[in-house]
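K.L.:
This is the structure, below, for whatever I ask next.
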Amino acid sequence: MIQGLHNTIHEPFELVHKRKFDLKEGFFLTLIRTLGFSGGVILIIILFFVAYNGVRVLSWDFITQPPIQSMTKGGIFPVIVGTILLTMICMVVVLPVGVTTAIFLAEYSKPGLLLNMVNMSIYTLAGVPSVVYGLFGLTVFVITFHFGMSLIAGSFTLAIMVLPYIISTSEEAIKAVPYSFREASLACGTTKWQTIRKVVLPTALPGILTGSILGTAKVSGETAPIMFTAAAFFTPGIPTSIFQPVMALPYHIYVLATAGTHIELTRPIQYGTALTLIVLVLGMNLLGIILRSKQRSKKAW
Amino acid sequence: MKWQRKEKLIELTISSVGFFSVIILLLIGFFLFKEAFEVFYRAGALKVIFGAEWYPTSNPPLFGMFPLIVGTLTVTGLAALFAIPLGIATAVYVAEVANYKVKEFLKPLIEMLASFPSVVLGFFGMVVIAPILSSWLSPLIADKLPELMKSAHLPFFSTTLADFCHNKFFITSGLNMFTAALMLTVRAIPVISSVAEDALAAVPRIFREASYSLGASRWDTIWRVVIPASVSGLSVAIILGIGTMIGETMIVLMAAGGAAVIPHWIFDPVRPMPSAIAAEMAEAAHGSLHYHALFGIGALLFLITLILSIVSDFISKRYRSVKIGEKV
């Protein structure tokens, strides 16, 4: 019967579906498709270019040896250590403050002028240029606190820079914990703080960790904030105290490419350093992205 | 009732830490303007902002920031011409056109581009784009093309247009505004597209279904329904993108050429404000007028981004469809 019905309306049905080729539609959709890929294509081009030129210098010695002969030979071991130290101290400083602020925003804050003020300043801080953070770090940590150009001044500056990002990702993670979890805990007679500490934070922890991994990726690639506060062109060996200046990967690339005396001679090292930095940053990023998508698919509630 | 006191104490502690970000913002403003005050006071605010000569190390030093401000505005404007269409198109593609698999591939890629170290982008501009422009594109368009045009002997085409190409596309140095603008575009695309994508995703599904049910095609639905419905979010995306480009330091420092003069054409070198700070801070003695002048530039930058943040926050609150701009 259905077959018969289909046969009777066969012709008008076809007519309805027969669309004439729409030039405008085709043109704009193709345009969007082409332009939409531009960002990804550019990323891949730059990645391949740096990898192609950098992979030749990359070796075990390059990663584990200090630079020699005024940077034209040798490796970048102290530079890598400097970046890792900067990033780690920065995270140690920023995580307690950031997560506490997120707890405040998600659990304790009440709508009103004060909350608006906090939200507005986080939003504004997120848009402040990194070089301005560098200036701030210079006047506050380097000069006012007498830290000098040092690991600790650079880490603090980076911490302030990444604070808004850590706050917003942690807040998101805490807000994603279902309200029924809190209700169940409160119904057992716990206090609000006990609920937050024993129920909300452990549940939100994976999300907070993912956010901080992504934040670490952001921090380790930044140059402008550490330029005036921590980075040195050359230090003998790895720093022994937090009040010493350090070498850092991004600054190393910048200095070798623009200000060195052997710009052409150090080009392979520049490529190698750039590749190391990219692997570090994008590796962290990829780790964060994978963890996040795993958490999303795993979520039981 | 001991636990209640304890709870109160914890709440108080957490709330006071919560205000840390407000304090930081105020401190940044305070220290910048404190250090910047000196130059505006001693050299005259209008003279500093509209002075056309930036010679901080000559005797007497001249602190006219106008070339730097114009440098920032022109390089940002040029980059915005590329970055806004590309960023919005990426967002539209990811949110509206692409199928699930492409989306899953493209979204992490764009997120990775967002945290790509800008020093590597500057480096790429320096060692790849600049040589391409000066030793490949420039001879091609400024020399070969006009010769070809002149040999054609056509009116206008072989005279005016040929001369235009010869004069305007002769690139002396690859490190110029155009190179910097190209790399800034790469920096701004992920910022614009991630915020714009949120804005597009916030448009209710019913809007699209209503449009399709009226017989509108896919492009018509995007162009006449989805984009108008999310225009406030898209403008927030554009503002945040422009803010990123204004404040971006390493790209303009490495690829923009660094001449503190008012540019006349897109292939002129410029010295935008962030690059002036980054390049000169090392040589400016602490407490000198030059040092204060660099803080003056920083304070101006801070003010510009503050205004952009307030405007974008106002737009996204006023025409609220979704909380936008948080995960840049």
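K.L.:
Against the conditions (1) at pLDDT 80 or above; (2) touching a Ser or Thr at 6+ places or on another chain (Cβ under 7 Å), where does residue B:176 fall short? Just the number, please.
P.N.:
If we test residue B:176 against (1) at pLDDT 80 or above; (2) touching a Ser or Thr at 6+ places or on another chain (Cβ under 7 Å), just (2) comes out false.
K.L.:
Can you give me the ranges of the helices (runs of 4 or more DSSP H) entirely in the stretch A:36-119 with at least 1 residues that are exposed (fewer than 15 other Cβ atoms within 10 Å of the Cβ) and facing chain B (nearest Cβ under 9 Å)?
P.N.:
Values: elements: A:38-54, A:60-64, A:77-103.
Qualifying helices (runs of 4 or more DSSP H): A:38-54, A:77-103.
K.L.:
Could I ask something else about it? Can you report the number of residues in the stretch A:141-171 which are in contact (Cβ under 8 Å) with a residue 12 or more places away in the chain and facing chain B (nearest Cβ under 8 Å)? Outline the logic, then answer.
P.N.:
Residues of the stretch A:141-171 that are in contact (Cβ under 8 Å) with a residue 12 or more places away in the chain, as a first pass: A:141-142, A:147-171.
From what is left, the residues that are facing chain B (nearest Cβ under 8 Å) are A:160, A:163-164, A:167-169.
The qualifying residues number 6.
K.L.:
Return a yes/no flag: does the stretch A:171-186 have any residue that is more than 30 Å from residue B:31 (Cβ to Cβ), of a type outside the set (Gly, Ala, Ser), more than 16 Å from the chain's Cα centre (by Cα) and not in a helix (DSSP H, G or I).
P.N.:
Yes, the stretch A:171-186 has at least one match.
K.L.:
Would you confirm whether or not the stretch A:217-229 contains a residue that is aromatic (Phe, Trp, Tyr), over 19 Å from residue A:105 (Cβ atoms) and more than 12 Å from chain B (Cβ to nearest Cβ)?
P.N.:
First, pick out the residues of the stretch A:217-229 that are aromatic (Phe, Trp, Tyr): A:228.
Pick out the ones that are also over 19 Å from residue A:105 (Cβ atoms) and you get A:228.
Cutting the leftovers down to more than 12 Å from chain B (Cβ to nearest Cβ) gives us none.
No: zero hits.
K.L.:
Tell me which residues, restricted to the stretch B:1-18, are at the interface with another protein chain (Cβ under 7 Å from one of its Cβ atoms) and either hydroxyl-bearing (Ser, Thr, Tyr) or within 19 Å of residue A:136 (Cα to Cα) (or both). So that I can check it myself, show each step before the final result.
P.N.:
Taking the stretch B:1-18 first, the residues at the interface with another protein chain (Cβ under 7 Å from one of its Cβ atoms) are B:3, B:7, B:10-11, B:14-15, B:17-18.
If the condition is that a residue be at the interface with another protein chain (Cβ under 7 Å from one of its Cβ atoms) and either hydroxyl-bearing (Ser, Thr, Tyr) or within 19 Å of residue A:136 (Cα to Cα) (or both), then B:15 is the only one that fits.
K.L.:
On the given criteria, is residue A:244 at the interface with another protein chain (Cβ under 8 Å from one of its Cβ atoms) and out of contact with any strand residue (DSSP E or B) (no Cβ under 7 Å at 6 or more places or on another chain)?
P.N.:
Working: at the interface with another protein chain (Cβ under 8 Å from one of its Cβ atoms): no; out of contact with any strand residue (DSSP E or B) (no Cβ under 7 Å at 6 or more places or on another chain): yes.
No.
K.L.:
For the stretch A:225-260, enumerate the residues that are over 20 Å from residue A:145 (Cα atoms) and part of a helix (DSSP H, G or I).
P.N.:
Within the stretch A:225-260, A:249, A:250, A:251, A:252, A:253, A:254, A:255, A:256, A:257, A:258 meet the criteria.
K.L.:
State yes or no: is residue B:102 part of a helix (DSSP H, G or I), among the hydrophobic types (A, V, I, L, M, F, W, C) and more than 7 Å from every other protein chain (Cβ to nearest Cβ)? If you could, list the steps in order and put the result at the bottom.
P.N.:
Numbers: part of a helix (DSSP H, G or I): yes; among the hydrophobic types (A, V, I, L, M, F, W, C): yes; more than 7 Å from every other protein chain (Cβ to nearest Cβ): yes.
Yes; evaluated as a whole, the condition is true for this residue.
K.L.:
How many of the residues making up the stretch B:72-91 are buried (at least 21 other Cβ atoms within 10 Å of the Cβ), aliphatic (A, V, I, L, M) and farther than 14 Å from residue B:191 by Cα?
P.N.:
Number of matching residues: 2.
K.L.:
Being hydrophobic (A, V, I, L, M, F, W, C), more than 9 Å from chain A (Cβ to nearest Cβ), part of a helix (DSSP H, G or I) and within 24 Å of residue A:125 (Cβ to Cβ), is that true of even one residue in the stretch B:50-67?
P.N.:
Step one: of the stretch B:50-67, the residues hydrophobic (A, V, I, L, M, F, W, C) are B:50, B:52, B:54, B:62-63, B:65-66.
Next, from what is left, pick out any that are more than 9 Å from chain A (Cβ to nearest Cβ): B:50, B:52, B:54, B:62-63, B:65-66.
Next cut, part of a helix (DSSP H, G or I) only: B:50, B:66.
Next, only the ones that are within 24 Å of residue A:125 (Cβ to Cβ) stay: none.
No, the conditions are met nowhere in the stretch B:50-67.
K.L.:
Something else now. List the number of the failed condition for residue B:238; all other conditions in (1) among the aliphatic types (A, V, I, L, M); (2) closer than 28 Å to residue B:30 by Cβ; (3) modelled with pLDDT of 90 or more hold.
P.N.:
So the condition that residue B:238 fails would be (2).
The values are calculated or read from the model by the stated rules, or taken from the named source; none is laboratory data. The structure presented is a predicted model; accordingly, all values stated were derived computationally and were not measured. Here Cβ is always computed from backbone atoms with ideal geometry, including for glycine, and neighbour counts include all displayed protein chains.
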